[in-house]
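What follows is a single structure, written as structure tokens, with notes after it.
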Amino acid sequence: MKGAIVFAAGVSHAPHITGFPDHAPVESKTRFYAAMNEVGARLRAARPDVVVVVSSDHFHNLFTDRMPAFCVGMAAEHQGPAERWIRIEPFSVKGAPSFARAVMQHAFRLGMDPAFSDHVVLEHGLAVPLSFLTPEFDYPVLPILQNCMVPPLPPLHRCYAFGQVLRAAAEDQGLRVAVVGTGGLSHAPGSPDAGRIDIEFDREFLEILRTRPMDVLSLADERIDAAGFGAWEIRQWVTALGAAGGGKAEVLAYEPVEAWETGCGAVVFSLEH
Amino acid sequence: MALYALESYLFKLKNDPLSQQALVADPKSHLAVQAIDEAAKNAILNKDIGALWQLGVHPLLLVPLSRFLGMTPLEYRQRLAPHKGSRSISSSFEG
């Protein structure tokens, strides 16, 4: 059987989403939670064999003593969450070591050289989305960590290319694979600008994904910087876009939530074959 | 190198409960043996998040430190507020 990417999405992963749910205006929380649950329903309806979650790592697994642009989590099982305060009960989830090895092989074949790790702790970047998308933690998960913390960062086109690697590996392995890119949108956590949300940037980004997704690769670094360093995490959405083959996004939600210090979005990509 | 040493210490602190307990139990003794400079040690002892911000520490290493120091989110924001606009975070490698 020929495998395929059967689902691709981009969602925000701010820890406040589950850590402080009731700090948000009730309407914003209700709409965003509904959108995340809808993304989850669609993901599960796609019957994936593996769920690839692409996230940044917020200094739990990786530091600047050795900071890869991309890191593939190889383990047969993963534990989370790293942070107890995000109000997600401790969980274990199956990994996808065989598919992880295939991803490494296809990365090398396609001219990319990710790092790999046999021990990735799932922190909020993965745990928050999974708590909505697969709340029973009953789908094998392949974590991919992208450096969105400390420059030099992987350029957008390289993140897109990594999505193409995931697609090639899925097709070759005969697996049904879901890819979820997590992070963003505008935010600058822990800085004096925390809580400032660049609504104009967020809406522009979502509109590009909705109407002319490949243009996202031309977004200027300076414009992304101006939306706060947390906006660097749109790289994960671009990786999911690459896995989807560049298909247009359906925007399910956008909620600028100051109390969560984040412009929160959720999209599902159409799959180009 | 001084910033790397400081951030390296904060990374270890963030992920090591024993170091967190040591900082809470006896901050001076704990910090005395860390390979970070005196300005950084004094800033941590004084909960001077603003000074650490000015030293260039990544904000996602400052936030967990503030928790271990017993600071509330409001106190953290208040201490950082005077430093708004004082430092830009750029994706430029030269930045």
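Values quoted throughout were computed directly from the atomic coordinates according to the rules given, and no laboratory measurement underlies them. Just so we're clear, the structure is a prediction, and the values are computed from it rather than from any experiment. All Cβ positions, glycine included, derive from the backbone under ideal geometry; neighbour counts span all protein chains shown.
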Can you give the net charge of the other residues whose Cβ lies under 14 Å from the Cβ of B:Ile49, counting K and R as +1 and D and E as -1?
+4
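Which value does Rg/Rh take for region A:1-91 over its C-alpha atoms, Rh per Kirkwood?
When Rh is taken as the Kirkwood radius, the ratio is 0.99.
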Taking each pair of distinct Cα atoms in region B:2-83 once, what is the resulting Kirkwood hydrodynamic radius in Å?
12.6 Å
Using a Debye calculation, one point per C-alpha and no hydration shell, please list log10 I(q)/I(0) for region A:164-215 at q = 0.22, 0.32 Å⁻¹ in order.
-0.88, -1.13
Rounded to the nearest Å, the spacing of the alpha-carbon centers of region A:42-76 and region A:236-267 is 17 Å
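For the protein assembly as shown, give the share of DSSP beta bridges that are antiparallel, in percent and rounded to the nearest 5; count only bridges with both residues there.
In the protein assembly as shown, DSSP labels about 50 percent of beta bridges as antiparallel.
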Note on chain A: the mean projected area of its alpha-carbon convex hull, in nm², is 12.6 nm²
Along its principal axes, what span do the Cα atoms of region A:164-273 show, with the longest given first and each in whole Å?
48, 25, 25
Binned Cα-Cα distance frequencies in region A:38-130 - 10 Å width, integer %:
14, 44, 35, 7, 0
Between region A:166-207 and region B:1-50, how many Å separate their Cα centres?
33 Å
If you plug each phi of region B:14-24 into the Karplus form 6.51 cos²θ - 1.76 cosθ + 1.60 with θ = phi - 60°, what whole-Hz ³J(HN,Hα) values come out, in order, with x for Gly and Pro?
4, 10, 10, x, 5, 5, 4, 4, 5, 5, 5
Taking loop as defined by DSSP and a crowding limit of 12 other beta carbons within 10 Å, which chymotrypsin sites (Phe, Trp or Tyr not before Pro) in region B:14-95 fit?
B:Phe93
